[in-house]
Amino acid sequence: MSTVTESGGESSARKMRRIRVSPTSIESLDADILCIIFSFLDLFNLVHCTVVCNSWNVVIKRLKLLQASCRKMHHLGSSDFPSSSSTSVAEVDVEDFAMKHHKLALLRGRIQIERWEAHSHRVSQCRMKKGLLLTGVGDKVMRLWSLKSYKCMEEYSLPDVSSLIDFDFDESKIVGLVGTRISIWRRNGQRSIFPSREGTFPKGLCMRYIDPEAVVGCEDGTARVFDMYSKTCSQIIRTHGGPITCLSLSENQKFLSGSSLGRVTVSDPMMDQPVATLKSTITAGGIQTISFNQSTNLAFTGTTGGYVSCWDLRKMGRLWEKRVSPNVVYSIQQLQNDASIMVAGGIDGVLRVIDQKSGRVLTRFIMDDKGLSTTLRSNNNQAAIEKRWRGKRVCHDIEIDKIERKLRPQISCLAVGMKKVVTAHNGKFISVWKFNI
């Protein structure tokens, strides 16, 4: 039977077949269906939908879904979210609302903790970027994990005779301080090693990089600046009289270094002496960690004595200094561009949320021994998940030493993501703390 009519057009049968196989796109959904879908979203995701396209913006504005979500947030107890029904989509700053939602989740949200065995020996360091987590230090491999599936995406082996000291990563490469050398692993698995001349590279204790330069903090108090592409040392800066224990780099080429002697220096790779030296007025212990906030030009340090300090790099002075823990603070981190809160962890195993402006501890978390369950996954490269379905907040008047140690394993390193915190405990496990409103 012919499939073409006398007028040269397609037959009705062929038209029906063509219609049936046509793919359905998001644009084909009418406003009523979109309204149903959007009504299930929380404020964080709803705000993101307003900037996808004009049609979505119109639907959300017409139904006043954003105003309803703002009122819900306000009723939950956050003054950061307006309660007025006059709030419009046009007034919403997506990044600002995301930060407020993140803060509210950490301060008031439900806590779910998922743990998995990341390494066979131990893992003391972790770095998180764009849904990926890099773990290592303790055995001869680094592993790159998906935080969505907890699947090991890639594995990077270390030289047999060298130990991994520090590392970081980006979209294309892994950079590690291995023994007295810098190694670069391309994400395709190829590795290159910086040449090291005898006597020119003393023991390194920490490393950070921003393309094209990597900075190594050394045991002799010097910071060595390397060009990662020419593989040469471009500058040696005498920053401290004692070992450099931590580093933080800024986008304006300056970098901060902390020492075991309790001082922080601000240095420029183009100069052989520090630009400024920052010193505590009290005996706070050696500097253990530094975090720099690009959006505010504030630096935060944690010490072996449990103190956290805030430094204004525009005035090169201290804004506040508070003792937040009776023991060592190993790690401090905040979301990029978040000027509100930061998270600190240390040897006592308590996760603390701290106000960046005052240094006040807003809330504290530990693992909850209730609702513990275990789930094993047997797929290739899939992690064995141990799920602690709840974390709990600890009142400020409770003595930490009286809490069971298994509920607060020491936090050797942490990384902060949107409504989540990842912690390493110097053991086999990695923990992901998820905060949901």
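The values are calculated or read from the model by the stated rules, or taken from the named source; none is laboratory data. For clarity, every value in this text was computed on a predicted model and none was experimentally measured. Cβ placement follows ideal geometry from the backbone for every residue including glycine, while neighbour counts extend to all protein chains displayed. The accessibility values were calculated without ligands, DNA or RNA, using every heavy atom of the protein model including side chains. Shrake-Rupley method; radii C 1.70, N 1.55, O 1.52, S 1.80 Å.
Please work out if ILE385 is in contact with a Ser or Thr (Cβ under 9 Å, 6 or more places away or on another chain) and either modelled with pLDDT under 90 or small (Gly, Ala, Ser) (or both). Walk me through it before giving the result.
Numbers: in contact with a Ser or Thr (Cβ under 9 Å, 6 or more places away or on another chain): yes; either modelled with pLDDT under 90 or small (Gly, Ala, Ser) (or both): yes.
Judged against the criteria, ILE385 is a match.
So is PHE292 at negative phi, part of a strand (DSSP E or B) and in contact with a Cys (Cβ under 6 Å, 6 or more places away or on another chain) or not?
On the way: at negative phi: yes; part of a strand (DSSP E or B): yes; in contact with a Cys (Cβ under 6 Å, 6 or more places away or on another chain): no.
Answer is no for this residue.
Are there any pairs, at least 6 apart or on different chains, whose C-beta atoms fall under 8 Å, with the first in segment 270-289 and open to solvent by less than 60 Å² (accessible area, probe 1.4 Å) and the second of a type in the set (Asp, Glu), and if so, which?
Correct list of pairs: SER280/GLU321; ALA284/GLU321.
I'd like to know if segment 303-312 contains one or more residues that are loosely packed, with under 15 Cβ neighbours inside 10 Å and in a loop (DSSP other than H, G, I, E, B).
The answer is no; no qualifying residue exists.
What pairs come out if I take residues in segment 149-170 that are more than 17 Å from LEU247 (Cα to Cα) and pair them with residues that are surrounded by fewer than 14 Cβ atoms within 10 Å (Cβ to Cβ) and among the polar types (S, T, N, Q) whose C-beta lies under 7 Å away, six or more apart or interchain?
Close Cβ pairs (under 7 Å, with a partner that is surrounded by fewer than 14 Cβ atoms within 10 Å (Cβ to Cβ) and among the polar types (S, T, N, Q)) do not exist here.
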